[in-house]
1. How high is the FRET efficiency between Tyr153 and Ser71 when r is their beta carbon distance and R₀ equals 41 Å, given to the nearest 0.05?
2. Using a cut-off of 13 Å between beta-carbons, work out the net charge of the residues near Asp86 (Lys and Arg +1, Asp and Glu -1, Asp86 not included).
3. Could you give me the ³J(HN,Hα) list for the stretch 135-152, computed from phi with Karplus coefficients 6.51, -1.76, 1.60 and θ = phi - 60°, whole Hz, x at Gly and Pro?
4. Order of 109-119, 58-68 by packing, highest average Cβ count within 10 Å first?
5. Too long at a 20 Å Cα-Cα cut-off: which of Lys110/Lys150; Lys54/Lys145; Lys54/Lys185; Lys54/Lys159?
Amino acid sequence: MLKINFPKIKCLAIVLIAGLCVQSCKDKPNNSVHGRKDIQDHKSEKDSLFHILKAKDSMMFELAYNQLNFSILDEIAADDIEFYHDQSGATYNKTDFINGMDGLTRLDYKARRELNAGTTEVFPLFNNGELYAAILMAEHSFYAKELNDKPEYLTSTAKYTTLWIIQEGEWKMSRIYSYDHQSPKQD
């Protein structure tokens, strides 16, 4: 019986789409005025970029955070990734970032992260009309499911900002800022 690794296929599809977007951005004529491209060109690129980076962001959180499959981090994190968290400090490279995520396996509950619908924004960054990076900003909620019959419950909400850069034609997470963590209000 053929076994299909759907997360790996999904990852490869996203990487392929991202590569096509990067190539199509490079193939466009340079309509720059004083180093800036016409705003209308940015809109179509921004729409495509939004879907690519939102998919990569969702895949990273679903696989690494929710399913504790950290192999995706090897693929999409830059070697010099920096992660800044308002409650647990900072990490300055891929190894420490992955080791920090591995801490989820040692919790006495099952953690789950959920993107807050409608909060994702993507801002492309250009250098003389060439797309080189983008900023993704969003809000998310975190939940806990204890090892008993207690229902899953909200533990916190937070905002985050990720700087995605293009390295060798691939989108990589370069800088992540996780901030404004709030505990749920008690009634």
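FYI, it's all coordinate maths here, none of it is from the lab. From a predicted model like this one, the values you see are computed outputs, not experimental measurements. Glycine gets a Cβ as well: all are built from the backbone with ideal geometry, and neighbour counts include every protein chain shown.
1. Computed FRET efficiency for Tyr153 and Ser71 comes out at 0.90.
2. Result for the neighbourhood of Asp86: 0.
3. Here the 3J(HN,Hα) series is 10, 10, 10, 6, 10, 9, 10, 10, 10, 10, 10, 6, 7, 10, 7, 5, x, 4 Hz.
4. Per-residue Cβ counts within 10 Å, averaged per peptide and sorted highest first, yield 58-68, 109-119.
5. Lys54/Lys145; Lys54/Lys185
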